[in-house]
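What follows is a set of notes on a single structure, which appears directly below.
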Amino acid sequence: MKLYDAHNHLQDPRLKPHLPAIMSALQSEPIARMTVNGTSEEDWPAVLELARKYPQVLPSFGCHPWHVKNRTPRWQAELLRHLDAVPSPVGEIGLDRWIKGCDMPAQEEAFVWQLRLAAERQLPVSIHCLQAWGKLVEILQRGGPLPAGGFLLHSYAGSPQLVPGLVKLGAYFSLPGAFARERKACQRETFLQVPLHRLLVETDAPDQLPPAERIRIPLLDGGGQALNHPANLGAVYQFAADLWNMPLEKFAAQIEANYLRFFAMK
């Protein structure tokens, strides 16, 4: 049985002091591949370094909506340079009205450019969306080019009513361990509307901790704050297999097929 993490942030500075121990722990888990998402010009070099050092890492490069305001005039050229360095998807990109001081026109400009880039290069793309589902669907439905292999809505938190239309547009949906928490019952019900062939699993490490009883490998930062260890991926798989009432091995085989199909590099 092999496990695949569709979305994490192994380059996060909070994980850096623990990286040798993290990678050692990952060796004892059946984690075949993890998509590590860059979020800004600042962390793209760290993602690239991880990909060159660890064969499990599939690097992904994008300008996250939280960092759109900090772009430099060279951000597009730098993104292209990193995408040219190694086979890699585009992401994490997206739209976010939740953040303070949201500049939606700037977010939309950056998102649309990156989405079109992914389509032109036939690259997978990982999308973040918070409180901007209407705008996201509007952009996706405009008729502009979308990646031929579809797009991933990581930690999908939209409504169940949107799922069928998003599937028709090419969406995949990745489930995080945090949705095992009691207060996330609505999100769990929404995910049960996702066709199994469009489902992926993610940790979003170091964020989106599973509930305490599901955490297999605890991790604390220097201030004693709990972090999500990337090796908790197995716990997320078990949660998801339980949710779909499937044997773990059968569920993992389905996710493997989905991951390899979606993240195939042209």
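Summary table below
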item: Cut-off 15 Å between beta-carbons: net charge of the residues surrounding K135, Lys and Arg +1, Asp and Glu -1; result: -3
item: GluC sites (Glu not before Pro) within segment 1-92: DSSP coil, no more than 13 neighbouring Cβ in 10 Å; result: E42
item: Carbon + sulfur, % of accessible area of segment 41-114 - ligands and nucleic acids excluded, 1.4 Å; result: 54
item: Antiparallel %, DSSP beta bridges [both residues in the chain], to 5; result: 5
item: Pairs beyond 23 Å (Cα-Cα), from K69/K168; K2/K250; K16/K100; K16/K53; result: K69/K168; K16/K100
item: Cα gyration tensor shape of the chain, rounded if a/c is under 1.5, else prolate or oblate by comparing a/b with b/c; result: rounded
item: Accessible area (Å², 1.4 Å probe, nearest 10) - V57; result: 10
item: Within segment 13-105, trypsin sites (Lys or Arg not before Pro) in DSSP loop having at most 14 other beta-carbon neighbours inside 10 Å; result: R74, K100
item: Proximal charge balance of E108 [Cβ under 14 Å; K/R count +1, D/E count -1]; result: +2
item: Computed [θ] at 222 nm, deg cm²/dmol, the chain (DSSP H ≥ 4; -39,500 (n - 2.57); rounded to nearest 500); result: -11000 deg cm²/dmol
item: Accessible area of segment 75-206 divided out per residue, in Å², using a probe of 1.4 angstrom; result: 41
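The values are calculated or read from the model by the stated rules, or taken from the named source; none is laboratory data. As the structure is a prediction and not an experimental result, all values here were calculated from the model. Because the Cβ atoms are built from the backbone with ideal geometry, glycine has one as well, and the counts that use them run over all protein chains shown. We work out accessible area using only protein heavy atoms, side chains counted, and drop any ligands, DNA or RNA first. Shrake-Rupley method; radii C 1.70, N 1.55, O 1.52, S 1.80 Å.
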